[in-house]
Each structure stands twice: as C-alpha cells, then as structure tokens.
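Each remark here refers to the structure printed beneath this line.
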Amino acid sequence: MSQILPIKQRIFRYGDQTFPDPGPQYSVEQILSHLKGYFPELGHAKTEEKQMDDGTLEFTFSKQVTRKGSFPGAAE
C-alpha cells in the first residue's frame, strides 16, 4: 500500500530552467500566464504534473509545436 505524502512545495520547469513557487495563492494557470510574458512560445503550452518522492509537486511546461494554418487531419 502506498502512502500519500502531503505537498511540501511546488516547483516549475521550462526547458532547462527551474522557477520557485511564488506562493500557494497563485494557481498553475496564473504562473504559466506570467511566464508567457517572458516565453511567448508557451502560448499553447502543455503542462505535466509529477509528485516527487519528498512530496514536492513538479510542474513542467512544454511548448506545443503547431504550424500556422494547419488543422488536425489536413493532408500534406
């Protein structure tokens, strides 16, 4: 039986950079919105969440690769 650990802290990652948690009053969406000001490529970012062994929640933002004018199922 696995034990659920309380969340000690959150960290945020984009590429090779790590950002500390500015505080629990900010949602993950608010933090991503703030980072978009510095990294516009995160406009359509994917967010992955992982709980570390020590209870820390790690959120990783990754940019979605899209092409202008493309849509799902389009023939090339």
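The values are calculated or read from the model by the stated rules, or taken from the named source; none is laboratory data. The structure presented is a predicted model; accordingly, all values stated were derived computationally and were not measured. Note that each Cβ is placed from the backbone with ideal geometry, even for glycine, and that neighbours are counted across all protein chains shown. Each accessible area value is taken on the protein alone, full model and side chains, heavy atoms only, with ligands, DNA and RNA left out. Shrake-Rupley method; radii C 1.70, N 1.55, O 1.52, S 1.80 Å.
Run the 1.4 Å probe and let me know the accessible area of Phe39, rounded to the nearest 10 Å².
We get 40 Å² for Phe39.
Search the structure for amide H atoms under 5 Å from the amide H of Ala45, placed 1.01 Å from N in the peptide plane, and list their residues when 5 or more places away or on another chain.
Here Gln64 satisfy the definition.
Net charge near Gly43, counting Lys/Arg +1 and Asp/Glu -1 over other residues with Cβ under 10 Å of its Cβ? Each step should come with its number before you reach the end.
Values: positive: Lys36, Lys63; negative: Glu41.
So the surrounding residues net to +1.
Could you derive backbone 3J(HN,Hα) for region 37-43 from the dihedral phi with the Karplus parameters 6.51, -1.76 and 1.60 (θ = phi - 60°), listing whole Hz in sequence and x where the residue is Gly or Pro?
Each residue's phi maps through the Karplus curve to give x, 9, 10, x, 5, 7, x Hz.
Determine ³J(HN,Hα), in whole Hz, for all residues of region 49-54 in sequence, where each value follows from phi through the Karplus function 6.51 cos²θ - 1.76 cosθ + 1.60 and θ = phi - 60°; x replaces Gly and Pro.
10, 9, 9, 7, 4, 8
Heavy-atom accessible area of Tyr26 with all protein chains present, probe 1.4 Å, nearest 10 Å²?
Here the accessible area works out near 100 Å².
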